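Everything on this sheet refers to the single structure shown next.
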Amino acid sequence: MFTAAIFLPLLGAIIAGLLGRWIGARGAQWVTCILLVVSALLSVWIFIDVALGGNTRTVELFTWIDSGDLEVSWALYFDTLTAVMVSVVTIVSAVVHIYSVGYMHEDPHKARFFSYLSLFTFAMLMLVTADNLLQMFFGWEGVGVCSYLLIGFWYHKPEANAAAIKAFLVNRIGDFGFALGIVGTFLVFDSILYETIFAGVPGKTGAAFEFLGMQVDIMTTLAILLFIGAMGKSAQLGLHTWLPDAMEGPTPVSALIHAATMVTAGVFMVCRLSPMFEAAPIALNMVAIVGASTAIFAATVALTQNDIKRVIAYSTCSQLGYMFFAAGVGAYPVAIFHLMTHAFFKALLFLGSGMVIHAMHHEQDMRKMGGIWKKIPITYVFMWVGSLALAGVPIFAGYYSKDMVLESAFGAHTPVGMYAFWLGIGAALLTAFYSWRLIYMTFHGQFRGDPHTMEHLEHASAMEREPVAMWAPLLILFAGAILAGLLAYPLFVGDGMMAFWGKSFPPRIAEVIEAAHHTPAWVKLSPLVVGAVGILLATLFYLVAARADIPGRIARAVPWLYNFSLNKWYFDELYDAVFVRPAKRIGYFLWKKGDNATIDGFGPDGVSAAVKRAARRVAGLQTGYVYHYAFAIMIGVAAIVSWYIFERAV
């Protein structure tokens, strides 16, 4: 059961990828979808057995590496944290697979797409079930490769190719730090097994090593290196620039990347390695500061984006910031709680936006939408529920998890915790505003798009606008966006928390969550109040006083602020000026002066040119005139006679 749940997606990827020509697109869809659904059902059984039953286990498959002191088995480790992640990944992935049958029905390369999608899921499952750092790194790099393949799936589009390369390269920066952290961990603990590392952490706490004449804390160094890897994979501030561009891939890919795979890997890694981070308070503070800064940064950028998918993408970036600053204050169960609820409502929003794009005939600009809610009422309801959960409105899933994140930050009673709390409150206000901006610009007001698109909407049947194959699987996410927080609260962060999580997290989580539960009433009410203010402001700006063009007047009054947000704080331009263009100039110089002029000039090209010159000169002697040849013979005879006389004289 355990092994099948993990490897069935790999089997589906192999069948669809290698046998796609024989079984056809329909066969590839059936195989991958059925195997993913079976894997999801098995994951529910695993959750019941491991998380609810407390039956932690390790399934060893075979010896992977045996070299000197390094011996690594390929094993599947299942504790509560793993069971939660496996359930989330497989359920969301199964929904995305079924949804993709309808969304990708016009694409000529469906078998390849479904193969990549299943392989992506398998790589994420390998990451979360690893019992050692090397196996985690295998899954870590696996999701990176699959994201490259899926973001650039429509390879005929230059934008998609550029986005895929950008995602791959930016992640390599983070992965370099992660790889150094793994190597350093092995050097310090002589092992990469979680169990051995965690047992050895107390003995290394406070230990230091000398670097450039300074004493540097070992655990802080290792934790920061590992967190750099998490920053790249989870698109935290500084290494976030790949995430919005990833929207160039098909919408199901965006949903899978943003909801359950890839970007959640960094949060999972920090929580899985929590015993190491607990021994490095400076690194934990760094996690909280970066997370809180990312939350507010991405929220400010989402305010002015006009591509429906990019708004949701920056929302993901912001919510990941919440997860990280929860982990940074030691509230690891809260981070995973928000990861779980976020997976449901964010997948619902992304796939709902895909239904909007499908109905609008591939239009993604919200400025060219409006007034279409009556044409796609099911999608409208899905987007409302997803937005209510995202904004943290009571009863919906985000209300329970996001409020706990903020309460945990305040309950830490540290300067870093307060920094995270207040930036989180600001991000909550902006989240509510841009969520309802999206709703109103997309579904309400006058239609602002191409008349042909409206004509298509008018004459298309309800089945054509909202295919059952696309909206039916979303009912699972719809239910999750409403009920996941309420149902999971007692286990994840409530009275049953310690029994539920077992040994997945350090014992300190009990006092951290207890402090969060005993925060003042105004702290508990603040997210609700600022969320209501954000919704009311968006309603005023984009619905009640839409004709007054309040957002346009604000943008014209402070154009520098509007452009600062619209251009994403100019991170791309900054990186282009500081890194990309200088790298191109250096590369061009090395190409022309180093490779062409020096290496080739004095190497193969230079040698071949010298041979050619010598050959031309020799060939020049072959004139065809007899007197030239007679003259050459006379010179030769004279030379030989002279040499003979000289030798005799000596």
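The values are calculated or read from the model by the stated rules, or taken from the named source; none is laboratory data. Predicted model only: the values in this text are computed from it and were never measured. Ideal geometry is used to build each Cβ from the backbone, glycine not excepted, and the neighbour counts take in all protein chains shown. Side chains included, ligands, DNA and RNA excluded: accessible areas come from the protein's heavy atoms. Shrake-Rupley method; radii C 1.70, N 1.55, O 1.52, S 1.80 Å.
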Set ALA111, ALA75, ALA94: member being under 25 Å from ALA488 (Cβ atoms), in contact (Cβ under 8 Å) with a residue 40 or more places away in the chain and not charged (D, E, K, R): ALA94
Scope the range 114-128; condition closer than 16 Å to PHE268 by Cα and aliphatic (A, V, I, L, M); matching residues: ALA123, MET124, LEU125, MET126, LEU127, VAL128
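In this structure, does ALA167 turn out to be open to solvent by 60 Å² or more (accessible area, probe 1.4 Å), within 21 Å of PHE268 (Cα to Cα) and not polar (S, T, N, Q)?
Criteria not met by ALA167.
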Some residue of the range 399-408 being β-branched (Val, Ile, Thr), assigned to a helix (DSSP H, G or I), over 12 Å from ILE535 (Cα atoms) and within 23 Å of the chain's Cα centre (by Cα): yes
Test: residue in the range 602-612 that is surrounded by fewer than 12 Cβ atoms within 10 Å (Cβ to Cβ) and charged (D, E, K, R): yes
Test set (1) farther than 15 Å from THR261 by Cα; (2) at pLDDT 90 or above; (3) hydrophobic (A, V, I, L, M, F, W, C) - ALA25 fails condition number: (2)
Of all residues making up the range 279-319, the number that are under 18 Å from the mean Cα position of the chain (by Cα) and open to solvent by 10 Å² or more (accessible area, probe 1.4 Å): 3
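Residue by residue, here is whether (1) in contact with a Cys (Cβ under 9 Å, 6 or more places away or on another chain); (2) surrounded by fewer than 20 Cβ atoms within 10 Å (Cβ to Cβ); (3) at pLDDT 90 or above holds:
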{"residue": "PHE211", "(1), (2), (3)": "no, yes, no"}
{"residue": "MET214", "(1), (2), (3)": "no, yes, no"}
{"residue": "MET219", "(1), (2), (3)": "no, no, yes"}
{"residue": "ILE228", "(1), (2), (3)": "no, no, yes"}
{"residue": "ALA235", "(1), (2), (3)": "yes, no, no"}
{"residue": "GLY238", "(1), (2), (3)": "no, yes, no"}
{"residue": "PRO244", "(1), (2), (3)": "yes, no, no"}
{"residue": "GLU248", "(1), (2), (3)": "no, no, no"}
{"residue": "THR261", "(1), (2), (3)": "yes, no, no"}
Residues (open to solvent by 20 Å² or more (accessible area, probe 1.4 Å) and in a helix (DSSP H, G or I)) located in the range 349-372: HIS358, ARG367, LYS368
Those residues of the range 531-573 which are part of a helix (DSSP H, G or I), open to solvent by less than 60 Å² (accessible area, probe 1.4 Å) and among the aliphatic types (A, V, I, L, M), in sequence order: ALA532, ILE535, ALA538, ALA546, ALA548, ILE550, ALA555, LEU566
Filtered residue count, the range 412-436, keeping only those that are part of a helix (DSSP H, G or I) and either open to solvent by 10 Å² or more (accessible area, probe 1.4 Å) or of a type in the set (Ser, Thr, Tyr) (or both): 14
Residue in the range 68-79 that is open to solvent by less than 40 Å² (accessible area, probe 1.4 Å), touching a helix residue (DSSP H, G or I) at 6+ places or on another chain (Cβ under 8 Å) and part of a helix (DSSP H, G or I) present: no
Lone qualifier among PRO252, PRO275 - being part of a helix (DSSP H, G or I), of a type outside the set (Gly, Ala, Ser), touching a residue at least 60 places away in the same chain (Cβ under 8 Å) and closer than 22 Å to GLY480 by Cβ: PRO252
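Going residue by residue through the range 155-164, is there one that turns out to be within 17 Å of ILE228 (Cβ to Cβ) and hydroxyl-bearing (Ser, Thr, Tyr)? Before the answer, list the steps.
Initially, the range 155-164 is screened for residues within 17 Å of ILE228 (Cβ to Cβ), giving none.
No, there is no match, as no residue in the range 155-164 is within 17 Å of ILE228 (Cβ to Cβ) and hydroxyl-bearing (Ser, Thr, Tyr).
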The range 183-209, residues that are open to solvent by less than 20 Å² (accessible area, probe 1.4 Å) and not in a loop (DSSP other than H, G, I, E, B): GLY184, THR185, TYR194, ILE197, VAL201
Every residue from the range 17-36 that is part of a helix (DSSP H, G or I) and open to solvent by 50 Å² or more (accessible area, probe 1.4 Å): LEU18, ARG21, TRP22, ILE23, ARG26, TRP30, ILE34
Single unsatisfied condition, ASP175 versus (1) buried (at least 18 other Cβ atoms within 10 Å of the Cβ); (2) at pLDDT below 90; (3) of a type in the set (Asp, Glu): (2)
Unique residue being surrounded by fewer than 24 Cβ atoms within 10 Å (Cβ to Cβ) and either closer than 30 Å to ALA521 by Cα or of a type outside the set (A, V, I, L, M, F, W, C) (or both) when the list is LYS346, LYS375: LYS375
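Residues that are more than 30 Å from GLU106 (Cα to Cα), touching a residue at least 24 places away in the same chain (Cβ under 8 Å), polar (S, T, N, Q) and not in a strand (DSSP E or B): does the range 39-47 have at least one? Even if it seems obvious, please write down each step before you answer.
Filtering the range 39-47 for residues more than 30 Å from GLU106 (Cα to Cα) gives 42-47.
Next, only the ones that are touching a residue at least 24 places away in the same chain (Cβ under 8 Å) stay: 42-47.
Add one more test, that the residue is polar (S, T, N, Q), and what stays is 43.
Next cut, not in a strand (DSSP E or B) only: 43.
Within the range 39-47, one or more residues are more than 30 Å from GLU106 (Cα to Cα), touching a residue at least 24 places away in the same chain (Cβ under 8 Å), polar (S, T, N, Q) and not in a strand (DSSP E or B).
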Filter result for the condition that a residue is open to solvent by less than 10 Å² (accessible area, probe 1.4 Å), in contact with a Pro (Cβ under 6 Å, 6 or more places away or on another chain) and not in a strand (DSSP E or B), over VAL95, VAL86, VAL50: VAL95
Residue within the range 574-591 that is surrounded by 13 or more Cβ atoms within 10 Å (Cβ to Cβ), in contact with a Gly (Cβ under 9 Å, 6 or more places away or on another chain) and of a type outside the set (Lys, Arg) present: no
Inter-residue pairs, beta-carbon under 9 Å, first acidic (Asp, Glu) and in the range 171-195, second part of a loop (DSSP other than H, G, I, E, B), 6+ apart: ASP190/ASP69; GLU195/ASP131
Some residue of the range 477-491 being in contact (Cβ under 8 Å) with a residue 24 or more places away in the chain, among the hydroxyl-bearing types (Ser, Thr, Tyr), open to solvent by 40 Å² or more (accessible area, probe 1.4 Å) and within 30 Å of SER87 (Cα to Cα): yes
Index of the failed condition, PHE138 passing every other in (1) at pLDDT 90 or above; (2) open to solvent by less than 10 Å² (accessible area, probe 1.4 Å): (2)
